[in-house]
Amino acid sequence: MIELNFRAMDRNRPAKSYVVLALVVLVVEGCAAFVQLGAVGFSWLTGGSIALLAPLLLLSSRSWSRVGADGITICWGLGHGRTYPWHEIRWIDVRETKGQGSSSYAVRMFLEGGRRRSLPGLYHSDMHPAPDFDEQFQRVVNWWELSTDQTARVRPPKQFRDRLTPTVIGLVVPVAVAVVVVAVVALVILAQH
């Protein structure tokens, strides 16, 4: 089989509608910041933003995955990447993350011992559409099935973190914070009496 390479820089092309929206928002916020902060404050804000975002963009554009005879190699932008041999990979699936009316999909592998790793460069979302995502995922699965014994393929049980979607976290965290605040206030009131 042919070795598969997935580079994030090939997939990090946002949809045109998102680019236009982002540019409009940046221009409006830039004008508001210039009016509120003046030229010097605006320059500091712009320079600081670029200094913080540039390394993140550089690392994300350098991330990649390679699927070949030796296993799956992933690199998150630093170094040469790490290869996970086929005998360590127990399961491969797609994780769906829902939020704000849209979904994103990422291929992930489950390793022996329960660890999981996402494959950089192999994802699909409304902002970063990948029309060939399903086909590429199937090609990765084909490599895995040809390189492993059927008895070594074990679907992992769902864990607690699999149920933690952004919506669930958004509902649970405010309630937990409110409970802690009420408990602290109650303790303070009881300590004063």
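The values are calculated or read from the model by the stated rules, or taken from the named source; none is laboratory data. Small disclaimer: the values here were computed from a predicted structure and weren't measured. Here Cβ is always computed from backbone atoms with ideal geometry, including for glycine, and neighbour counts include all displayed protein chains. Calculation scope for accessible area: heavy atoms of the full protein, side chains included, ligands and nucleic acids excluded. Shrake-Rupley method; radii C 1.70, N 1.55, O 1.52, S 1.80 Å.
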Given the criterion part of a helix (DSSP H, G or I), in contact (Cβ under 8 Å) with a residue 12 or more places away in the chain and not small (Gly, Ala, Ser), identify the matching residue among PHE42, PHE110. PHE42
Would you check which residues across the stretch 63-90 are touching a Leu at 6+ places or on another chain (Cβ under 8 Å) and either assigned to a strand (DSSP E or B) or surrounded by 14 or more Cβ atoms within 10 Å (Cβ to Cβ) (or both) and list them? SER65, ARG66, VAL67, GLY68, ILE72, ILE74, TRP76, GLY77, TYR84, GLU88, ILE89, ARG90
Would you pick out the residues in the stretch 91-113 that are β-branched (Val, Ile, Thr) and open to solvent by 40 Å² or more (accessible area, probe 1.4 Å)? VAL94, THR97
Which of the residues spanning the stretch 114-126 are loosely packed, with under 15 Cβ neighbours inside 10 Å and touching a residue at least 40 places away in the same chain (Cβ under 8 Å)? GLY114, ASP126
Residues of the stretch 158-175 that turn out to be surrounded by 10 or more Cβ atoms within 10 Å (Cβ to Cβ) and either part of a helix (DSSP H, G or I) or modelled with pLDDT of 90 or more (or both), as a count: 10
Within the stretch 1-28, can you find the residues that are assigned to a helix (DSSP H, G or I), within 30 Å of TYR123 (Cα to Cα), open to solvent by 80 Å² or more (accessible area, probe 1.4 Å) and at pLDDT 75 or above? VAL20, LEU21, LEU23, VAL24, LEU26, VAL27
Among the residues of the stretch 44-75, count how many are touching a helix residue (DSSP H, G or I) at 6+ places or on another chain (Cβ under 7 Å) and more than 24 Å from ALA106 (Cβ to Cβ). 1
So, in the stretch 145-157, how many residues would count as being free of Cβ contacts under 8 Å to residues at least 24 places away in the same chain and either open to solvent by less than 70 Å² (accessible area, probe 1.4 Å) or more than 21 Å from ARG66 (Cβ to Cβ) (or both)? 4
Given the criteria in a loop (DSSP other than H, G, I, E, B), open to solvent by less than 80 Å² (accessible area, probe 1.4 Å) and modelled with pLDDT under 85, does PRO55 qualify? no
Report yes if some residue within the stretch 132-144 is in a helix (DSSP H, G or I), more than 29 Å from ASN5 (Cα to Cα) and open to solvent by 80 Å² or more (accessible area, probe 1.4 Å); otherwise report no. no
Please tell me if GLY30 is without any contact (Cβ under 8 Å) to a residue 24 or more places away in the chain, at positive phi and not charged (D, E, K, R). no
